[in-house]
Amino acid sequence: MNNLCTLYSSERIEKRLLELINKKFSNSDIKINKTSNSQIFNFSKKKGLFKGKTNFQISTRFRDSIALELDQSDLSKNLQGIKGFISQIPSAPPIGIKNLNTIIDSVISETAILCSENDSVELFELVEIISTEKECILFCQSDSFVGKGNFPHFLSKELHLLLDVNGNSEIYPSTGPLVDLEEQEGTEIFPDQIERKRKNIEFISSLGIPTINHLPFVESENEVELRNSKEIASRAVILAITNLVAFSNISEQEAKGIISKYSLDQYVTPDEIDFLNNPTEKLKNQMSWKCEAIWTLCWALGIVENLGQANVLADLNNIDSDSYPISQGVDPNDFIKKEHLIRSKKEILDQNDLYYRLNWACVNERLKGNELTDVHPGVVYERQYALNWLVNYMDQEWDEVTCDT
């Protein structure tokens, strides 16, 4: 089916969607699939005698109304990727980027509209109504009958062009390129950046995954300042402790006891403190994904031989117990103080660039209403998160790391 558009709203809209589907497609047999945070509506409309039918699918998912940066749901990760995508649009009006990102921060529901045909009056009317009532913004694919133009773009609730991928807008005045051209031309690009980008694009393309040439370079080996051995090891230790709580192997009280006994408080982040104070099942699920971060940090420390494929979940059982950040009855400070042989800047930047481009591909597919199968989006995101921290991306601390695409 064709992905016509995706709606983003600061409200839950599934109840109103069902009302409108029943009203606009009154004779349809609607099949509804529900999970705890999503609903999918499948229905069809007969086109006439011997003419078959038009099939429709409207899928909506939602998240809790908490700050985007504190939410580790799949929808939240997608929204953060969209913010990065918006920020990379060439020549986009700065005020447009700022306002769109502010809107994205408040989004709690995402609704993909799919249709087997290229046109549907009833579906267009449904989109118009729900967009206005629920103050949605829309992301439309090229040449969608809902949208405006030959390029992917965002629309306002009134279906006016907010911004397309070329920086055009009916709402925000153009102010020229976001980066001054003279400044851009004066930025030094090193040979290692060019070669790294070329190799990773070639590799990603060999997997049959769409990529683009105009994503920026990651930093050069001449510029980057990696985290040191103590920073990486201490981060791995705390993640290993919270990971035990995430999988209910120890209680939060036991974890706090370990942290207190070995004076590890200085290494625990505010988000991790909140988790240990109230480890809900939802937070445990989110924290369980940090297996990928532990795996990546152990790789950076030379403990894990290679990161492996991006479609395979990390198995921490494959790390030798004598080399793991924490062991029963062993002071974690021994691991922290050890002078680990950190991988080279080249090795870490090669992976940083690769996962940056893979995450762009994952976000790009989600914007189209698809999901990559050659890589696991969760694995890609969590590894890029750890790699961005390793290279001091934008000088962000662990809780603040962003995975811009």
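A few notes on this one:
- Restricted to the stretch 202-214, and to residues there that are surrounded by 17 or more Cβ atoms within 10 Å (Cβ to Cβ) and assigned to a loop (DSSP other than H, G, I, E, B), the residue that is modelled with the lowest pLDDT is 211.
- Members of the stretch 214-270 that are in contact with a helix residue (DSSP H, G or I) (Cβ under 6 Å, 6 or more places away or on another chain), polar (S, T, N, Q) and closer than 28 Å to residue 317 by Cβ: 234, 242, 269
- Taking the criterion of being hydrophobic (A, V, I, L, M, F, W, C), under 31 Å from the mean Cα position of the chain (by Cα) and surrounded by fewer than 18 Cβ atoms within 10 Å (Cβ to Cβ), the residues of the stretch 31-57 that qualify are 32, 40.
- Filter result for residue 365 (surrounded by 15 or more Cβ atoms within 10 Å (Cβ to Cβ) and either in contact with a strand residue (DSSP E or B) (Cβ under 8 Å, 6 or more places away or on another chain) or at pLDDT below 95 (or both)): yes
- With respect to being surrounded by 21 or more Cβ atoms within 10 Å (Cβ to Cβ), in contact (Cβ under 8 Å) with a residue 12 or more places away in the chain and not hydrophobic (A, V, I, L, M, F, W, C), residue 229 falls outside the description.
Table: residues versus (1) touching an Asp or Glu at 6+ places or on another chain (Cβ under 6 Å); (2) among the hydrophobic types (A, V, I, L, M, F, W, C); (3) over 23 Å from residue 39 (Cα atoms).
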| residue | (1), (2), (3) |
| --- | --- |
| 104 | no, yes, no |
| 117 | no, no, no |
| 120 | no, no, no |
| 124 | no, yes, no |
| 137 | no, yes, no |
| 147 | no, no, yes |
| 164 | no, no, yes |
| 168 | no, no, yes |
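- Residue 202 over 16 Å from residue 345 (Cβ atoms), out of contact with any Ser or Thr (no Cβ under 7 Å at 6 or more places or on another chain) and acidic (Asp, Glu): yes
- Residue satisfying condition, being farther than 30 Å from residue 284 by Cα and not acidic (Asp, Glu), within set 249, 228, 222: 222
- Index of the failed condition, residue 391 passing every other in (1) closer than 19 Å to residue 71 by Cα; (2) modelled with pLDDT of 95 or more: (1)
- Unmet criterion (only one of (1) surrounded by fewer than 21 Cβ atoms within 10 Å (Cβ to Cβ); (2) assigned to a helix (DSSP H, G or I); (3) at pLDDT below 90) for residue 129: (3)
- Among residues of the stretch 27-42 that are touching a residue at least 24 places away in the same chain (Cβ under 8 Å), those with a beta-carbon under 9 Å from a residue that is among the aliphatic types (A, V, I, L, M) and in a strand (DSSP E or B) at least six positions away or on a different chain give the pairs 39/32; 39/58; 41/32; 41/58.
- Scanning the stretch 337-347 for residues being under 11 Å from residue 301 (Cβ atoms), in contact with a helix residue (DSSP H, G or I) (Cβ under 8 Å, 6 or more places away or on another chain) and not acidic (Asp, Glu) gives a total of 4.
- Matching helices (runs of 4 or more DSSP H) fully within the stretch 9-124 where at least 1 residues are farther than 28 Å from residue 166 by Cα, of a type outside the set (D, E, K, R) and not assigned by TED's automatic domain parsing to the domain that holds residue 289: 14-24
- Hits in the stretch 255-280 (condition: under 20 Å from residue 331 (Cβ atoms) and surrounded by fewer than 13 Cβ atoms within 10 Å (Cβ to Cβ)): 257, 260, 261, 263, 265, 266
- For the stretch 299-308, the count of residues that are assigned to a helix (DSSP H, G or I) and either out of contact with any Asp or Glu (no Cβ under 6 Å at 6 or more places or on another chain) or more than 21 Å from residue 78 (Cβ to Cβ) (or both) is nonzero.
- Residue match in the stretch 163-172 (condition: buried (at least 17 other Cβ atoms within 10 Å of the Cβ) and at pLDDT 90 or above): no
The values are calculated or read from the model by the stated rules, or taken from the named source; none is laboratory data. Because the structure is predicted, anything quoted here is derived from the model rather than measured. A quick note on method: Cβ atoms are made from the backbone with ideal geometry, for glycine too, and the neighbour counts reach across all protein chains shown.
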